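Structure record follows, encoded as structure tokens.
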Ligand code: GLU
């Protein structure tokens, strides 16, 4: 780990000396209250905490609960208990994304006004059927970084009249980003062929990363069920909260490409990004709340201490 003086001496703009006068770095831990926190979350929260202290920055907690069908209030309380138990402190009030749907809607409207979103009525099974149809014709549909087939463009060319009529009838629809048009627009805005962002490694060394948002295809920006998406909400809130450094797991590294594109379109400054290692289970899979990895609460109830958790994280 580079000491602060070494880093400052290396003319590293990520360090406080390189920030705009009067601005303090701001970092956030942004869990979704859809399951209990496990060791992977502890690693993420502690990494963010450590970077906040190395940078003399603020530490914010953000509750990413746009998935109102799966988010649970008691889990929000439990997240606070777990983090406090680990020894972390955060600023209040804590931003809860479910209280800000109007802001996400307004942001989406900006993209709509730029002509970059289109309505998509397709269900999952419509998309699956279209992908199969293309496959049987020998057309391979690429997968996005999360492993889902890239949207095959089913409703991209619907006549405006039909779209309006279906919306009027109340047919549920998502809003998708016209990726090719968005990339073109980003080129016009930046005057550069490719967009990029600054990433920093465990030692604070920085490098510029060229983003490849095209691999996400026409991503959903506004979901059918809620007027936001993870990608939209995270970009709006990192900007709103003045986040200067985003520390999160490598599983979200590819998402940064899309986030950077949205930031360019909105005219937002880019935070710097650190994508930390992931904890794997015995089978080599990423720890996930859904696969039942042991929760921090259950480890705590078994009598483990925060120091034990830190040790376990380092050992994995
Ligand atoms: N809410 C996301 C999660 O729990 C993290 C989002 C982020 O750090 O950008 O996986």
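Table for the structure above
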{"quantity": "Candidates 162, 188, 184, filtered to the one that is within 26 Å of the chain's Cα centre (by Cα), surrounded by fewer than 18 Cβ atoms within 10 Å (Cβ to Cβ), farther than 20 Å from residue 221 by Cα and free of Cβ contacts under 8 Å to residues at least 40 places away in the same chain", "calculated": "188"}
{"quantity": "Checking residue 250 against (1) away from the ligand (no atom under 12 Å from the Cβ); (2) free of Cβ contacts under 8 Å to residues at least 40 places away in the same chain, the condition it does not meet", "calculated": "(1)"}
{"quantity": "Index of the failed condition, residue 256 passing every other in (1) within 19 Å of residue 143 (Cβ to Cβ); (2) within 16 Å of the ligand (Cβ to nearest atom); (3) touching a helix residue (DSSP H, G or I) at 6+ places or on another chain (Cβ under 6 Å)", "calculated": "(3)"}
{"quantity": "Hits in the range 44-73 - residues which are farther than 22 Å from residue 253 by Cα and within 13 Å of the ligand (Cβ to nearest atom)", "calculated": "70, 71"}
{"quantity": "Tally of residues being surrounded by fewer than 16 Cβ atoms within 10 Å (Cβ to Cβ) and in contact (Cβ under 8 Å) with a residue 40 or more places away in the chain across the range 86-100", "calculated": "1"}
{"quantity": "Checking residue 313 against (1) at pLDDT 95 or above; (2) closer than 24 Å to residue 34 by Cα; (3) crowded, with 16+ Cβ neighbours inside 10 Å, the condition it does not meet", "calculated": "(1)"}
{"quantity": "Residue within the range 273-283 that is surrounded by fewer than 18 Cβ atoms within 10 Å (Cβ to Cβ), more than 16 Å from the ligand (Cβ to nearest atom), part of a loop (DSSP other than H, G, I, E, B) and on the phi > 0 side of the Ramachandran plot present", "calculated": "no"}
{"quantity": "Flag if residue 219 is in contact (Cβ under 8 Å) with a residue 60 or more places away in the chain, within 23 Å of residue 106 (Cβ to Cβ) and touching a strand residue (DSSP E or B) at 6+ places or on another chain (Cβ under 6 Å)", "calculated": "yes"}
{"quantity": "Every residue from the range 42-58 that is crowded, with 21+ Cβ neighbours inside 10 Å and either under 14 Å from the mean Cα position of the chain (by Cα) or part of a strand (DSSP E or B) (or both)", "calculated": "44"}
{"quantity": "Of the criteria (1) assigned to a loop (DSSP other than H, G, I, E, B); (2) modelled with pLDDT of 95 or more; (3) buried (at least 17 other Cβ atoms within 10 Å of the Cβ), which one residue 289 fails", "calculated": "(2)"}
{"quantity": "Any hit, the range 251-267, residues being surrounded by 15 or more Cβ atoms within 10 Å (Cβ to Cβ) and not in a helix (DSSP H, G or I)", "calculated": "no"}
{"quantity": "Every residue from the range 153-205 that is over 25 Å from residue 105 (Cβ atoms) and touching a strand residue (DSSP E or B) at 6+ places or on another chain (Cβ under 6 Å)", "calculated": "194, 196, 197, 198, 199, 200"}
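For (1) crowded, with 17+ Cβ neighbours inside 10 Å; (2) under 27 Å from residue 103 (Cα atoms); (3) within 16 Å of the ligand (Cβ to nearest atom); (4) over 13 Å from the mean Cα position of the chain (by Cα), each residue gets a yes or a no:
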| position | (1), (2), (3), (4) |
| --- | --- |
| 202 | no, no, no, yes |
| 213 | yes, yes, yes, yes |
| 217 | yes, yes, no, yes |
| 224 | no, yes, no, yes |
| 230 | yes, yes, yes, no |
| 233 | yes, yes, yes, no |
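The values are calculated or read from the model by the stated rules, or taken from the named source; none is laboratory data. Worth saying up front: this structure is predicted, and the values here are computed from it rather than measured. Cβ sites come from the backbone with ideal geometry, for glycine too, and all protein chains shown count toward neighbours.
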